[in-house]
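Heads up, the thing below is written out as C-alpha cells.
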Amino acid sequence: MPGVLLVEAVAQLAGVVAQSDPHIKPLEELRLAALSRVKILGAARPGEIIRLEARVTGRLGNLIQAQATARVGGQLVLEAQLTLSGGQSGGQRTFSRKC
C-alpha cells in the first residue's frame, strides 16, 4: 500500500475516532481540511498487516486536530497531524453581528 493511501486510511480512522466520543455530538459533513508534519517512511506490501492509530489532540469549534500513525511489522511507516472540519450537527448555523 503506497504512502498516499496510508494517509487516506489514517484520515478516515481519525474521522471515526473524532465522531465516536459519546460526550460530544458528531459533526455533520466531517472532512479532511489540512495535513501537517506528514512523514511517509515506508509502505506496506501485499500480505503485510498495517496497524493504524489515531487520537484526537484538540478541538476548537468545528475543527478537530488529530495525530495519526501507521505501522507495518512494528516499524513506523507513517506519521501525520490532521485537521478535520465539519458543520454543526442538529440544525442550521446562525450568525449574528452587533451593529
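Checking the conditions here, which among Ile24, Ile40, Ile64, Ile50 is of a type in the set (Val, Ile, Thr) and crowded, with 18+ Cβ neighbours inside 10 Å?
After ruling out the rest, the residue left standing is Ile64.
Condition check ((1) over 13 Å from Gly86 (Cα atoms); (2) of a type in the set (A, V, I, L, M); (3) in contact with a Lys or Arg (Cβ under 6 Å, 6 or more places away or on another chain)) across all residues:
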residue: Val4; (1), (2), (3): yes, yes, no
residue: Glu8; (1), (2), (3): yes, no, no
residue: Pro26; (1), (2), (3): no, no, no
residue: Leu35; (1), (2), (3): yes, yes, no
residue: Gly42; (1), (2), (3): yes, no, no
residue: Ile49; (1), (2), (3): yes, yes, no
residue: Leu60; (1), (2), (3): no, yes, no
residue: Gln67; (1), (2), (3): yes, no, yes
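Where residues in segment 8-61 are out of contact with any Ser or Thr (no Cβ under 9 Å at 6 or more places or on another chain) and charged (D, E, K, R), which of them is nearest to Leu78 (Cα to Cα)? Lay out the reasoning, then the answer.
We begin by selecting, within segment 8-61, every residue out of contact with any Ser or Thr (no Cβ under 9 Å at 6 or more places or on another chain); these are 8-9, 11-24, 37-50, 55-61.
Remaining after also requiring charged (D, E, K, R): 8, 21, 37, 39, 45, 48, 55, 59.
Numbers: Glu8: 11, Asp21: 25, Arg37: 10, Lys39: 6, Arg45: 14, Glu48: 15, Arg55: 14, Arg59: 23 Å.
It comes out as Lys39.
Please determine, by comparing only the residues of segment 4-21 that are closer than 16 Å to Thr57 by Cα, among the small types (Gly, Ala, Ser) and within 10 Å of the chain's Cα centre (by Cα), which one is surrounded by the most Cβ atoms within 10 Å (Cβ to Cβ).
The selected residue is Ala14.
Could you grab me the full set of residues in segment 67-88 that are surrounded by 17 or more Cβ atoms within 10 Å (Cβ to Cβ) and either free of Cβ contacts under 8 Å to residues at least 40 places away in the same chain or of a type in the set (A, V, I, L, M) (or both)?
If the condition is that a residue be surrounded by 17 or more Cβ atoms within 10 Å (Cβ to Cβ) and either free of Cβ contacts under 8 Å to residues at least 40 places away in the same chain or of a type in the set (A, V, I, L, M) (or both), then Gln67, Ala68, Ala70, Arg71, Val72, Val77, Leu78, Ala80, Leu82, Leu84 are the ones that fit.
Name the residues in segment 68-89 that are under 18 Å from the mean Cα position of the chain (by Cα) and more than 13 Å from Ala18 (Cβ to Cβ), would you?
Of everything in segment 68-89, those that are under 18 Å from the mean Cα position of the chain (by Cα) and more than 13 Å from Ala18 (Cβ to Cβ) turn out to be Thr69, Ala70, Arg71, Leu76, Val77, Leu78, Glu79, Ala80, Gln81, Gly87, Gln88.
Looking only at segment 31-63, how many residues end up being over 14 Å from Val10 (Cα atoms), in contact with a strand residue (DSSP E or B) (Cβ under 9 Å, 6 or more places away or on another chain) and part of a strand (DSSP E or B)?
4
Every number here is computed from the coordinates shown, using simple stated rules; none is lab data. Model, not experiment: these values are computed from the prediction. Please note: Cβ atoms are built from the backbone with ideal geometry, for glycine as well, and neighbour counts cover all protein chains shown.
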